[in-house]
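Undergrad: Here's a structure for you.
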Amino acid sequence: MKFLLVAGFPDSILQFRGALLEALQASGLEVHVAAPGLAPGSPMRQALDQRGMRAHDIPLRRTGMNPLADLRSMASLWSLMRRIRPDYTLAYTIKPVIYGSLAAWLAGVPRRYALITGLGYAFQGSEDSGRNFLRSIAQGLYRLGLGKVHATFFQNPDDEALFRSLNILSGAQVSHVVNGSGVDLHRYRTAPLPPEARFLLIARLLGDKGVREYAAAAASLRKSHPGCIFGLAGWIDESPDAIAQAELDEWVASGDIHFLGRLQDVRPAIAACSVYVLPSYREGTPRTVLEAMAMGRAIITTDAPGCRQTVEEGGNGHLVPPRSVEALAEAMKRLLQAPEQVAAMGARSRAIAQEKYDVHKINQAMLRGMGIATEPAR
């Protein structure tokens, strides 16, 4: 029996889906992975080869709207599926979900699944004409692709409800909600708090991640707390919503932001902070928040889909309205003034991670949802 995972971004394969792929192997399946950037000799291909997984490079651009290029991607996936004959396919992120699901249907794959990990640029932000046009295109394509799968997995109930309200999913289509991608509680262990207050945000540098609000809140708080450090890790992504390099340079030059760049391992950065902040406008379930929770950190995030599910207000952190610099700065200030709360909230974060977000529990739920025999969750 063969299982094919279709991804749009090679760096996410083992970081976000590695434990799922291992669970599939443990269930006796031959695991194949298709994504751009998996050419022979590439680091990710070598990493997959070492794990006994078969990698396939495909021509797919995860951003941009080029119908001919997207059709070429779908044709390439169809050809691959006809060649390897998978028994199951699972696709995640927008283009793999749409074109991978259609290709799997055309290729006659017996069991087809999709995972919605977030809604992306088209579904977020302002109601301008450009986004509205992209949203209408995305809705139609999602409806077409998800109409060909046996079940769709969502990472929060808000996204599932939205897809149903927009009739992207009909009442008869099967869907499941899982608690995000989960976190490996053995890899992300509780770390001692630093002696001084330090905040941290890890994200692709996009406006919709709340990066500008974080920088503005840092600038405001440094007036009264000049010694406080506001860390930022990430990279400027290919997106219409990307932060400009000039903006980032200005934040760093002013001293408001301590920029860490793109990190291969986020654990040292999380261990060095006392509070983790994610002012995102919308998420599937934010992986970095789960990692920070597992390491025992208080969380400040937004009362937005995907984010709100990770925080018990006043228990393991605070929820603030999206886009509000004032509310974000006030929540950060409250924790600056109450270090004893930071420690208690961090302990509660770890407990919630253990209760809800253990990656092994989530993967077993996904395998059950795909009709794959599983061992009891650890």
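The values are calculated or read from the model by the stated rules, or taken from the named source; none is laboratory data. Being a predicted model, the structure only gives us computed values, none of them experimental. No Cβ is skipped: glycine too gets one built from the backbone with ideal geometry, and neighbour counts run over all protein chains shown. SASA here: full protein model, heavy atoms, side chains in, ligands and nucleic acids out. Shrake-Rupley method; radii C 1.70, N 1.55, O 1.52, S 1.80 Å.
Undergrad: Can you tell me which residues in the range 176-189 are assigned to a strand (DSSP E or B) and buried (at least 21 other Cβ atoms within 10 Å of the Cβ)? Break it down into steps so the answer makes sense when it comes.
TA: Taking the range 176-189 first, the residues assigned to a strand (DSSP E or B) are 176-177, 183.
Of everything in the range 176-189, just one residue is assigned to a strand (DSSP E or B) and buried (at least 21 other Cβ atoms within 10 Å of the Cβ), namely Val183.
Undergrad: Taking the condition of being modelled with pLDDT under 95, open to solvent by 30 Å² or more (accessible area, probe 1.4 Å) and in a loop (DSSP other than H, G, I, E, B), how many residues in the range 94-142 meet it?
TA: Of the residues in the range 94-142, 5 are modelled with pLDDT under 95, open to solvent by 30 Å² or more (accessible area, probe 1.4 Å) and in a loop (DSSP other than H, G, I, E, B).
Undergrad: So, of the residues in the range 196-225 that are more than 12 Å from Ile257 (Cα to Cα) and surrounded by fewer than 18 Cβ atoms within 10 Å (Cβ to Cβ), which turns out to be modelled with the lowest pLDDT?
TA: Here the answer is Glu196.
Undergrad: Is one or more of the residues making up the range 156-175 open to solvent by less than 60 Å² (accessible area, probe 1.4 Å) and part of a strand (DSSP E or B)?
TA: Among the residues of the range 156-175, at least one is open to solvent by less than 60 Å² (accessible area, probe 1.4 Å) and part of a strand (DSSP E or B), which makes the answer yes.
Undergrad: For the range 1-38, give me the residue count where each residue is open to solvent by 10 Å² or more (accessible area, probe 1.4 Å), not in a helix (DSSP H, G or I) and not acidic (Asp, Glu).
TA: Looking only at that region, the number is 9.
Undergrad: On to the next question. Restricting to the range 60-93, give me the number of residues that are outside any helix (DSSP H, G or I), modelled with pLDDT of 95 or more and not hydrophobic (A, V, I, L, M, F, W, C). Full working, then the answer.
TA: In the first step, residues of the range 60-93 are kept if they are outside any helix (DSSP H, G or I); the result is 60-66, 85-93.
From what's left, modelled with pLDDT of 95 or more: 85-92.
Within this subset, residues satisfying the condition of being not hydrophobic (A, V, I, L, M, F, W, C) are 85-89, 92.
Count: 6.
Undergrad: List the strands (runs of 3 or more DSSP E) inside the range 264-378, counting only whole elements, that have at least 1 residues being more than 16 Å from the chain's Cα centre (by Cα) and small (Gly, Ala, Ser).
TA: On the way: elements: 275-278, 298-302, 317-320.
Answer list for the range 264-378: 298-302, 317-320.
Undergrad: Consider Thr301 carefully, then state whether it is surrounded by 24 or more Cβ atoms within 10 Å (Cβ to Cβ), of a type in the set (Ser, Thr, Tyr) and either free of Cβ contacts under 8 Å to residues at least 40 places away in the same chain or touching a strand residue (DSSP E or B) at 6+ places or on another chain (Cβ under 7 Å) (or both).
TA: On the way: surrounded by 24 or more Cβ atoms within 10 Å (Cβ to Cβ): yes; of a type in the set (Ser, Thr, Tyr): yes; either free of Cβ contacts under 8 Å to residues at least 40 places away in the same chain or touching a strand residue (DSSP E or B) at 6+ places or on another chain (Cβ under 7 Å) (or both): yes.
It is true that Thr301 is surrounded by 24 or more Cβ atoms within 10 Å (Cβ to Cβ), of a type in the set (Ser, Thr, Tyr) and either free of Cβ contacts under 8 Å to residues at least 40 places away in the same chain or touching a strand residue (DSSP E or B) at 6+ places or on another chain (Cβ under 7 Å) (or both).
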